[in-house]
Structures are given as C-alpha cells and as structure tokens.
1. Pick out the one residue from 107, 99 that is more than 18 Å from residue 174 (Cβ to Cβ), modelled with pLDDT of 95 or more and of a type in the set (Val, Ile, Thr).
2. Working carefully through the options 50, 128, find the one that is of a type outside the set (Phe, Trp, Tyr) and modelled with pLDDT of 95 or more.
3. How do the pairs read when you match residues in segment 258-287 that are modelled with pLDDT of 95 or more with residues anywhere that are of a type in the set (Gly, Ala, Ser) and surrounded by fewer than 19 Cβ atoms within 10 Å (Cβ to Cβ), using Cβ under 8 Å and keeping only pairs 6 or more apart or on different chains?
4. Return yes or no: is residue 301 surrounded by 15 or more Cβ atoms within 10 Å (Cβ to Cβ), free of Cβ contacts under 8 Å to residues at least 60 places away in the same chain and under 24 Å from the mean Cα position of the chain (by Cα)?
5. For segment 132-146, indicate whether the set of residues that are out of contact with any His (no Cβ under 6 Å at 6 or more places or on another chain), among the acidic types (Asp, Glu) and either crowded, with 17+ Cβ neighbours inside 10 Å or assigned to a helix (DSSP H, G or I) (or both) is non-empty.
6. Does at least one position in segment 69-87 carry a residue that is crowded, with 23+ Cβ neighbours inside 10 Å, of a type outside the set (A, V, I, L, M, F, W, C) and at pLDDT 95 or above?
7. Would you be able to say whether some residue in segment 348-361 is buried (at least 21 other Cβ atoms within 10 Å of the Cβ) and acidic (Asp, Glu)?
Amino acid sequence: MRKKQQGKLRWGIIVPAITFCFIMLLLIILNPFQIPSKEEKSPETDTPINALPTNTMQSLPSNSVIFEADLTATPEAELSATIVWMSDTQGYSRSYPEIFESMTNWIVDQQDALNIQYVLHTGDVVDNFDDMRQWENAKKALSVLEGKVPLFVVAGNHDIHGTNQEYGAYLELFGEKRFETLPTFGGAYRSGRGRYDLVSIEDVPVIFMSTGYGMGYGVDDEAITWMNETLQKYSDRFAILCFHSYIDPDESFSTDGGVLFEKVVKKNPNVGLVLCGHRHGVNHTAVQLDDNGDGTPDRTVYQMVADYQDESKSGGGYLGLLTFNRTERTISVNTYSPYLDDYICNDGKKELEEFTLPWDYK
C-alpha cells in the first residue's frame, strides 16, 4: 500500500513539471509580449529641420527653421575658436553666386580644423531688395551652413531699399521666427530688425548684438533704448556689436555710427568689439574709454570695417577670420578667400588685414 502511494506522489510531481516546461517553451517561441532586444532603437522623436524650397522667397512657410546648429562644447584640448565674418555680399548674390557658395562650403569644410563656431554677416546680403533671384542665390549659399554653423545677419541698406525700410524679403529669411528656436537665440527687436544671441566662446560668456538699417542706419531712440537695456541686462558678457554702417575706412564715424558710439558703445562697459561694412575698404581703430570718470582709460573698444566690393568680381570672396584665444587673451584677425585660395587682399597694406588684438574679457 505504501509503494502505490509513493508512485502516485512521484507521478503527481512529474506531470505538472512537464506541463510547466512545455508552457514556458511556447512562451519563448511565440514571445507574445514582443520585448525588444537591447540593440533595437526607439523611433526618432526629433523634429527634422525643414528643407529649403527651391522657388521664390514667398513660398517659405512662416514656421520653418532655416539655419540651425547643434552647438557642442569646445574640446578642452583646443585653445582657440574662430568666428567667420563676411559683409556686403550683394555682388555675389547678383552676379557671382559661385563665389558666395565657395565661401560657405569652405566654412563647413574647415569647421573642425579651425573650430569655427559662428558666422557673422554685417549686411547687404543682396544688391536689390526686390530681386527674388538674388535672394534665391543668397539662400542657396547660406543654407550650406544649415545644421552646421550658426549664422548671425544684419540688414544692410540694399537689403531693405534704404530709408524706405522694406524689410519683407529680409525678414522672410532672417526674421525672428527663423531663429527663435535656436539654443543661443536671446531675443529680437521688431521681429528681427535687431537681434542678440547669447553664446560661449572658449568658456567666455559673449553676447552678439545686431542692428540693421533703420537701427544702425537711421537709428531711432526706441532702438537705442532696446540695445542699452539688453546690454545692461547682460553686463557680465563680452559684447560684440554688429552694425552695417558704423565707421568708414578713413576711421571717421558714419552719421549713425557717431550716434551709436555716443549713446550705446560709450554707455556700456562690456562692449569690446564693433564690426561693420557698408563703405568700400578695410581698416580698424582702437578707442580708449574712461568708464568711471576718473580720468584714466578703463577699456579699449576695437572697431573694424571690411567691404571688399572694389576688388575683382565684387570682392573676390574674401572672409574675415577672427580667432579667439582664451589662454593668451587675444583675438587674431586674418583675411582669406576660398574662391581665390589667397590670404590678404591688400598685399601692400597687410597690417590692415592681419593683426592681433587684446581680448579684454572679464
């Protein structure tokens, strides 16, 4: 009697065990829960950058992002960063689009080698504000920077029909809605007639501020107030101001440049560098300012003008290269044309295009 009970006990254990193993085998084979493996990736959730249409400017959707960049921290091993500066490209947009494209393609190609972090354009992107072909040429060249190098643009008189201030086409391509989603975008004045970005160059906090034609050219009190309030709000940042018209190659101030100097540059101790175009030629000046009124200069503001339109083919494709070195506290300036593969446009005046400035950041 005991043996029969033991046999039943063994069989009662074996049958459930076999059944359990069979069920687990089915679960492994069928995998009804479809648990993803570690190698499987979830679908992309980032919104793609809208592609640039190939037809007229008016066809651009109002919410499209044209120029966007993924700004990453500068590697600790690199001691310098480069800002590329261009101005008065209207001749390229009008007659030599291949030169314009050579400039922006070179910037992207050299981004890693030169640690290029920004492109500044101080106005006159096109020659005729109402010529859509010129805007298309400019758009094609500048869109090469899309998703790679941030672009910061000032409106020039040719972009907006001078004092008529017809900003329509300019704002379509460079207005506030084009840049407000960028991580460095700080704010804008009147939909993009003015703009400022908050950036870090070699871990030094910097503010770029632009004022276009009608601000930096025919400047008004409202614009002056906006600039001063913004610069005072970010007084801990080294300020680089970008105007279209400010100084001339003979070192004199333009009409609006004199107003901007007296009412903005002198009143904000964090302003250290001013860039402009407009007048044909190149030069740079240094102005010492006494901020606390004790009779001793407290800072030096460096002012630079560059417009190469008098050269062959409306400028020859020359770019300004500003290399910021935090360790040496310097800004090294050079000039290069990717189109001509040539450094220094005016060989007889090399000192105007190749020099080093102190970088007096706090």
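1. Values: 107 fails: more than 18 Å from residue 174 (Cβ to Cβ).
Matching residue, one of 107, 99: 99.
2. One residue alone meets the criteria, 128.
3. 268/235; 269/235; 270/235
4. Values: surrounded by 15 or more Cβ atoms within 10 Å (Cβ to Cβ): yes; free of Cβ contacts under 8 Å to residues at least 60 places away in the same chain: yes; under 24 Å from the mean Cα position of the chain (by Cα): yes.
Yes; evaluated as a whole, the condition is true for this residue.
5. For segment 132-146, residues out of contact with any His (no Cβ under 6 Å at 6 or more places or on another chain), among the acidic types (Asp, Glu) and either crowded, with 17+ Cβ neighbours inside 10 Å or assigned to a helix (DSSP H, G or I) (or both): present.
6. yes
7. Yes, that holds for at least one residue.
This table checks each residue for (1) under 23 Å from the mean Cα position of the chain (by Cα); (2) within 18 Å of residue 199 (Cα to Cα); (3) at pLDDT 90 or above.
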| site | (1), (2), (3) |
| --- | --- |
| 319 | yes, no, yes |
| 331 | yes, yes, yes |
| 341 | no, no, yes |
| 344 | no, no, no |
| 351 | no, no, no |
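The values are calculated or read from the model by the stated rules, or taken from the named source; none is laboratory data. Here the structure is a predicted model, which means the values were calculated and not measured. So basically every Cβ, Gly included, is an ideal-geometry build from the backbone, and we count neighbours across all protein chains shown.
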